[in-house]
Amino acid sequence: MIFSTEVKQELASVKTEKSCCVISELNALTQFCGTMTLLGNNRMNLFYRTKNATVAKRIFVLLKRKYAITAAPRLEKYTRFGGQRFYILQLNQEDSHKLLLALHILKTDKGALTFRGVPRRTLIKKCCQRAFLRGAFLGAGSMTTHGKGYHLEFSTPLPERAETIRKILFKCDIAGKCIQRRGNAVLYIKDSEKIAIVLALMGASQALLQMENIRAQRSLRESVTRMTNCDQQNLNRQLTAAQRQAEAIKSISLQKGINHLPKSLQEAARLRLSNPDVSLEQLGRLLSPPVGKSGINHKMRQIITIAKNLTDRTVMGND
Ligand SMILES: [Zn+2]
């Protein structure tokens with residue numbers, strides 16, 4: 001998950017100038033990273049929980065800046081789960097109430113408070129949609145690179161939240177896929193081009209550059225490998241052909257002697273035996289006078305035919 005950490009670090013330092021976008025990002029962070037509980041008598045409890053210190057810092061700073069709320073930070077450590085650490089930001093009841101109303105996550109219904117989905121007003125403007133995506137990724141996103149590709153996902157226990165992300169992405173022509181995994185609704189994207197767009201939308205331009213770099217390096221490496229494989233195949237083919245020629249000459253030499261060959265082929269046969277690894281062109285150049293590739297190829301084919309005829313005759317017992 002190295003890539004996730006890098007992306008989150010970058011997103012957590014994106015400057016949000018506009019008030020509408022701060023509200024939208026905080027809304028997403030609260031939906032995707034917060035735990036809200038109604039305690040009765042209109043009292044409530046809200047805290048944020050994240051494994052990522054920079055995300056915790058981002059929430060702390062945005063709450064302070066936008067709503068003058070000071071969250072109480074603490075660290076939870078789980079010795080049982082490989083020593084996992086969680087950063088907790090706890091809001092007192094008064095601040096929880098104030099914030100959830102301000103973010104329109106709570107609504108008053110006949111004097112009683114109830115939760116609502118993501119308010120539409122938070123997502124009308126393009127700038128706010130991007131801020132919401134950023135907050136959602138900081139709260140519940142991850143990005144990994146594996147084999148040849150990338151994988152970006154948002155994971156949340158509530159399917160309607162995954163649906164909100166799906167709708168925002170859909171407006172940007174990005175079709176995310178939804179699955180259920182271990183009790184969570186997971187919205188994921190696998191297409192590298194689309195992932196690049198999502199990174200750009202959220203404001204992770206450095207991560208985007210890094211991804212493009214890796215993609216460029218990968219494609220360069222792949223073409224080098226392709227070329228090397230191709231060269232290797234040519235070399236293998238060349239060696240197999242040379243081997244076949246040498247075998248034919250040895251067989252003639254054993255059965256009849258190289259002098260059995262027509263004079264025009266004898267020199268080529270001897271040269272092939274003493275130069276088993278050279279290409280046909282190189283072999284042709286060794287002849288006196290030198291001949292081209294097709295000339296030497298023709299000679300070698302004649303030698304192979306003679307060897308084959310000799311062997312056939314031996315097998316049939318005519319010789
Ligand atoms: Zn905005």
Folded to 0 to 90 degrees: helix 293-316 orientation relative to the chain principal axis, Cα: 70
Pairwise FRET efficiency - S219 versus D277, Cβ, R0 = 30 Å, nearest 0.05: 0.35
Within-14-Å neighbourhood charge of K98 [Cβ basis; K, R +1; D, E -1]: +1
The stretch 180-245-the stretch 66-85 distance, computed between alpha-carbon centres (Å): 38
Rg over Rh, two decimals, the chain (C-alpha only, Kirkwood Rh): 1.43
Fewest-first ranking of S13, S24, S142, using other Cβ atoms within 10 Å as the exposure measure: S13, S142, S24
Most fluctuating residue given options F170, F60, F32, as computed from a GNM of the chain linking Cα atoms under 10 Å: F170
Reach of K263 by Cα under 23 Å, taken over lysines that are not fewer than 8 positions away in the same chain: K250, K293, K299, K308
Gyration tensor (alpha-carbon) shape descriptor, the stretch 24-179, a/c threshold 1.5: oblate
Cβ-defined net charge surrounding K148, 12 Å radius [Lys, Arg +1; Asp, Glu -1]: +3
Residue exposure sequence - M300, M44, M227 - by fewest surrounding Cβ within 10 Å: M227, M44, M300
Rounded to 10°, Cα long-axis angle of helix 263-274 versus longest principal axis of the chain: 50
Proximal lysines to K190, defined as alpha-carbon separation beneath 30 angstrom and excluding residues fewer than eight positions away on the same chain: K8, K15, K51, K57, K125, K126, K148, K167, K171, K177
Rounded to 10°, Cα long-axis angle of helix 93-102 versus longest principal axis of the chain: 70
Total formal charge among the other residues, if their Cβ is under 10 angstrom from that of L187, Lys/Arg +1 and Asp/Glu -1: +1
Most fluctuating residue given options R80, R237, R215, as computed from a GNM of the chain linking Cα atoms under 10 Å: R80
Computed over the stretch 167-310: relative contact order in percent, which uses C-alpha pairs under 8 Å that are six or more apart: 16
More than 18 angstrom apart: percent of Cα pairs within the stretch 200-281: 63
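Where a number appears in this text, it was derived from the coordinates with a stated rule and is not lab data. Here the structure is a predicted model, which is why all the values come from computation and not from measurement. Because the Cβ atoms are built from the backbone with ideal geometry, glycine has one as well, and the counts that use them run over all protein chains shown.
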